[in-house]
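Student: Attaching a single structure in structure tokens format; questions to follow.
The values are calculated or read from the model by the stated rules, or taken from the named source; none is laboratory data. The structure presented is a predicted model; accordingly, all values stated were derived computationally and were not measured. Neighbour counts are summed over all protein chains in view; Cβ atoms, including those assigned to glycine, are modelled from backbone coordinates with ideal geometry.
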Amino acid sequence: MKVPANIFAADAIHTKGWWGAHRWLVLRRITQLSILALFLLGPWFGWWLVKGNLNYSLTLGTLPLADPLVMLQSLVSGHIPERNAIIGVTIVLLFYLLVGGRSYCAWVCPMNIVTDAASALRRKLDIRGGGDMPRQTRYWILALILIWAATTGGIVWELVNPVSLLPRGLIFGMGAGWMLIAGIFLFDLFVMKRGWCGHLCPVGAFYSLLGRWSLVRVSATKREDCNNCLDCFVACPEQQVIRMPLKGASKGASPMIVSSNCTNCGRCIDVCAKDVFTFVPRLAHSDLPSPSADIQPPHA
Ligand code: SF4
Ligand code: SF4
């Protein structure tokens, strides 16, 4: 397939075809939109396969699922959760401990569609530079919302949490919530690359803590084939996680991406014309380093 060079990941599209260069992206979008649709079917059409929202839901009247961060806020604010909520949180915790906490960001969170769109538009408009702040800021915000819950005795954060606001707004009407969602989009577009998800969102920060030892990982298994096109760095929402696994062979670094901030989105797999990256089970490499601090990437 002849692909204009100014199209992002032109090499990958040329080598693997459009589907090969977008497979994980398309599968993610289908998953995110399907989950959103399940929540909307009841309120919109009266088909109550799933009742509730991302914070707490009951599927087919039997399977409870509950968000562990909401549960944590509830606990610190002094509320004892009900039995179904405890079962729901346990199921969700076990799932993300296995597949990687930030898989939530790439495969479930509806805000990811908004921030990915801002990132794609930023790339298309060739907007460079902008503000910067430590990526650890999100962990401080996470601590703050827990303190907020403890001191107010309520889960106040969920009133303004854009991750909850977006699906809730689609059901009940967004009101001023659209301004928050649009603000995040514009912030990511003009002010800071991957500003919300990569630096500020406490939900992503919380889920990253669940992913430190997860079994599903991405590995730069064929890193010796890398031709330094840097498309993976450009596509990756957390590009600091790639550098050592891809470029650290001479330092004895494992090719496996062990940073808990990798969202298992699979975009690096999609856009690599050399098929350097692949999903692997964590035990595929016995030489795992500890999941330590992320390494800063080159300015791609
Ligand atoms: S970082 Fe936050 S808003 Fe972004 S995808 Fe993850 S949970 Fe959603
Ligand atoms: S390393 Fe790959 S799978 Fe992980 S966040 Fe980056 S692009 Fe996604």
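Student: Of all residues in region 177-213 being small (Gly, Ala, Ser) and near ligand 1 (Cβ under 10 Å from one of its atoms), which is nearest to Val108 (Cα to Cα)?
Tutor: Initially, region 177-213 is screened for residues small (Gly, Ala, Ser), giving 177, 182-183, 195, 198, 204-205, 208, 211.
Narrowing further to those that are near ligand 1 (Cβ under 10 Å from one of its atoms): 198, 204-205, 208.
Values: Gly198: 16, Gly204: 11, Ala205: 15, Ser208: 14 Å.
It comes out as Gly204.
Student: Name the single residue, out of those in region 237-261 being within 16 Å of ligand 1 (Cβ to nearest atom) and not acidic (Asp, Glu), that is nearest to Gln136 (Cα to Cα). Outline the logic, then answer.
Tutor: Filtering region 237-261 down to residues within 16 Å of ligand 1 (Cβ to nearest atom) leaves 237-241, 259-261.
With not acidic (Asp, Glu) added as a condition, the list becomes 237, 239-241, 259-261.
On the way: Pro237: 15, Gln239: 14, Gln240: 12, Val241: 14, Ser259: 13, Ser260: 13, Asn261: 11 Å.
Here the answer is Asn261.
Student: Take the residues in region 149-161 that are touching a Gly at 6+ places or on another chain (Cβ under 9 Å) and at pLDDT below 95, then tell me which one is nearest to ligand 2 (Cβ to nearest atom).
Tutor: Looking at residues that are touching a Gly at 6+ places or on another chain (Cβ under 9 Å) and at pLDDT below 95, I get Val160.
Student: All but one of (1) at pLDDT 95 or above; (2) within 16 Å of ligand 2 (Cβ to nearest atom) hold for Gly101; state the number of the condition that does not hold.
Tutor: (1)
Student: Considering only region 161-183, state which residues are under 16 Å from the mean Cα position of the chain (by Cα), in a helix (DSSP H, G or I) and surrounded by 21 or more Cβ atoms within 10 Å (Cβ to Cβ).
Tutor: To start, the set of residues in region 161-183 that are under 16 Å from the mean Cα position of the chain (by Cα) comprises 161-164, 166.
Going one step further and asking which of them are in a helix (DSSP H, G or I), we end up with 162-164, 166.
Scanning region 161-183 gives Val163, Ser164, Leu166.
Student: Among the residues in region 220-227, are any of a type in the set (Ser, Thr, Tyr), assigned to a helix (DSSP H, G or I) and within 16 Å of ligand 2 (Cβ to nearest atom)?
Tutor: Here is the first cut: in region 220-227, the ones of a type in the set (Ser, Thr, Tyr) are 221.
Within this subset, residues satisfying the condition of being assigned to a helix (DSSP H, G or I) are none.
Within region 220-227 (the criterion being of a type in the set (Ser, Thr, Tyr), assigned to a helix (DSSP H, G or I) and within 16 Å of ligand 2 (Cβ to nearest atom)), the answer is no, since none of the residues qualifies.
Student: Here's another thing I want to ask about it. Might you check whether a residue that is within 27 Å of Leu27 (Cβ to Cβ), within 16 Å of ligand 2 (Cβ to nearest atom), assigned to a loop (DSSP other than H, G, I, E, B) and not charged (D, E, K, R) occurs anywhere in region 112-133?
Tutor: no
Student: Need the failing condition index for Ala106 against (1) among the hydrophobic types (A, V, I, L, M, F, W, C); (2) in a helix (DSSP H, G or I); (3) free of Cβ contacts under 8 Å to residues at least 60 places away in the same chain, just the number.
Tutor: (3)
Student: Go through (1) over 21 Å from Gly100 (Cβ atoms); (2) at pLDDT below 95; (3) surrounded by 21 or more Cβ atoms within 10 Å (Cβ to Cβ) and name the single condition Gly195 misses.
Tutor: (2)
Student: Looking for whichever is surrounded by fewer than 20 Cβ atoms within 10 Å (Cβ to Cβ), touching a strand residue (DSSP E or B) at 6+ places or on another chain (Cβ under 7 Å) and within 22 Å of Tyr104 (Cβ to Cβ) here; the options are Leu38, Leu75. Which one fits?
Tutor: The match here is Leu38.
Student: Residue under question is Pro245, and the condition is that it be buried (at least 18 other Cβ atoms within 10 Å of the Cβ) and part of a loop (DSSP other than H, G, I, E, B); does it hold? Walk me through how you get there before you give the answer.
Tutor: Numbers: buried (at least 18 other Cβ atoms within 10 Å of the Cβ): yes; part of a loop (DSSP other than H, G, I, E, B): no.
Taking the combined requirement at face value, the residue does not satisfy it.
Student: Taking Ala300 as the residue in question, decide whether it is modelled with pLDDT under 95, surrounded by fewer than 17 Cβ atoms within 10 Å (Cβ to Cβ) and touching a helix residue (DSSP H, G or I) at 6+ places or on another chain (Cβ under 9 Å). Please lay out each step first, then the result.
Tutor: Numbers: modelled with pLDDT under 95: yes; surrounded by fewer than 17 Cβ atoms within 10 Å (Cβ to Cβ): yes; touching a helix residue (DSSP H, G or I) at 6+ places or on another chain (Cβ under 9 Å): yes.
Yes.
Student: Are any residues in region 244-266 more than 6 Å from ligand 2 (Cβ to nearest atom) and under 22 Å from Val99 (Cα atoms), and if so, which ones?
Tutor: Going residue by residue through region 244-266, those that are more than 6 Å from ligand 2 (Cβ to nearest atom) are 244-256, 258-261.
If the condition is that a residue be more than 6 Å from ligand 2 (Cβ to nearest atom) and under 22 Å from Val99 (Cα atoms), then Met244, Pro245, Leu246, Ser254, Pro255, Met256, Val258, Ser259, Ser260, Asn261 are the ones that fit.
Student: Let me ask something else about it. Can you spot a residue in region 214-231 that is surrounded by 21 or more Cβ atoms within 10 Å (Cβ to Cβ), more than 13 Å from ligand 1 (Cβ to nearest atom), over 17 Å from Arg122 (Cβ atoms) and more than 16 Å from the chain's Cα centre (by Cα)? Give the derivation first.
Tutor: Let us first name the residues in region 214-231 that are surrounded by 21 or more Cβ atoms within 10 Å (Cβ to Cβ), namely 214, 217-220, 231.
From the residues that got through so far, the ones that are more than 13 Å from ligand 1 (Cβ to nearest atom) too are 214, 217-220, 231.
Now restrict to residues that are over 17 Å from Arg122 (Cβ atoms): 214, 217-220.
From what's left, more than 16 Å from the chain's Cα centre (by Cα): 219-220.
Checked against the condition, which is being surrounded by 21 or more Cβ atoms within 10 Å (Cβ to Cβ), more than 13 Å from ligand 1 (Cβ to nearest atom), over 17 Å from Arg122 (Cβ atoms) and more than 16 Å from the chain's Cα centre (by Cα), region 214-231 yields at least one hit.
Student: Further question: Starting from residues that are surrounded by 23 or more Cβ atoms within 10 Å (Cβ to Cβ) and in a loop (DSSP other than H, G, I, E, B), keep the ones in region 267-288 and report whichever is farthest from ligand 2 (Cβ to nearest atom).
Tutor: Among residues in region 267-288 that are surrounded by 23 or more Cβ atoms within 10 Å (Cβ to Cβ) and in a loop (DSSP other than H, G, I, E, B), the one farthest from ligand 2 (Cβ to nearest atom) is Cys272.
Student: Can you go through Gly88, Gly46, Gly17, Gly61 and tell me which one is exposed (fewer than 15 other Cβ atoms within 10 Å of the Cβ) and at pLDDT 95 or above?
Tutor: Gly17 is the lone residue from the list that is exposed (fewer than 15 other Cβ atoms within 10 Å of the Cβ) and at pLDDT 95 or above.
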